[in-house]
1. I'd like to know how the range 73-133 sits against the 2.2 N^0.38 Å rule of thumb: what's its Cα Rg over that expected value?
2. Quick check for you: which residues of the range 88-116 have the amide N under 16 Å from the point 7 Å beyond the Cα of residue 125 toward its beta carbon?
3. When ranked by the protection proxy of mean other Cβ atoms within 10 Å per residue, highest first, what sequence do the peptides 49-60, 144-155 form?
4. What's the local net charge at residue 97, with K and R +1, D and E -1, over the other residues with C-beta under 14 Å away?
Amino acid sequence: MRRSTTVVQRVGCTTVEERLSQSVRSAPGVESRGAAASPSPVDAGQLLDRRFGRDEIAVVRHEVNGRLTGAGLVGDRLHGFVLAVNEVITNVVLHAGGQGRVVLWLAGDSAWCTVTDSGPGIPARFLRPPEVPEAFEIGGRGIWLAHQLCDEVTVATGPIGTTIGLRIALPHRTSPA
């Protein structure tokens with residue numbers, strides 16, 4: 001199953017919230033979840049907002065896991081989303097200067113996560129939707145996994161940095177009568 005993907009190449013200064021609102025668009029034929037439908041983490045139920053570096057990848061992974069468990073995400077969907085976040089923050093550490101910011105929040109029926117770095121941007125050849133990595137290929141699975149495990153993946157990139165947005169739908173909750 002192919003997930004919704006948007007790639008926006010930007011030049012200039014923008015905030016995380018501006019990058020996310022400009023980059024979140026639905027695939028053709030899918031109900032729009034544009035800027036008005038995806039509030040920034042400042043407006044919504046923010047779960048986590050922190051900077052991270054090379055030595056904090058495991059700590060961030062555990063924090064994301066704990067916050068999402070508390071929000072009701074469980075099982076394979078929880079583990080898949082946490083793995084996707086882990087892969088994206090690992091890419092920041094390995095390819096974009098070693099430090100970044102992760103913001104996790106709830107909005108509507110979804111959990112959202114943005115991972116931002118101040119690296120040089122993603123080269124154009126890597127901006128197309130990823131193909132299945134070769135069996136013995138070293139690397140190249142992080143973004144591919146994010147596309148497989150998340151309901152939506154967005155990329156806003158330019159010479160001042162990159163923001164990867166991840167979204168996963170939360171299970172429907174029934175309220176007691």
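Taken together, the values in this text are just the output of simple stated rules run on the coordinates, not laboratory data. Keep in mind that this is a model prediction, so the values were computed, not measured. All Cβ positions, even for glycine, are placed from backbone atoms using ideal geometry, and neighbour counts span all protein chains on display.
1. 1.27
2. Backbone N within reach: none found.
3. Per-residue Cβ counts within 10 Å, averaged per peptide and sorted highest first, yield 144-155, 49-60.
4. After counting each charged neighbour, the total is +2.
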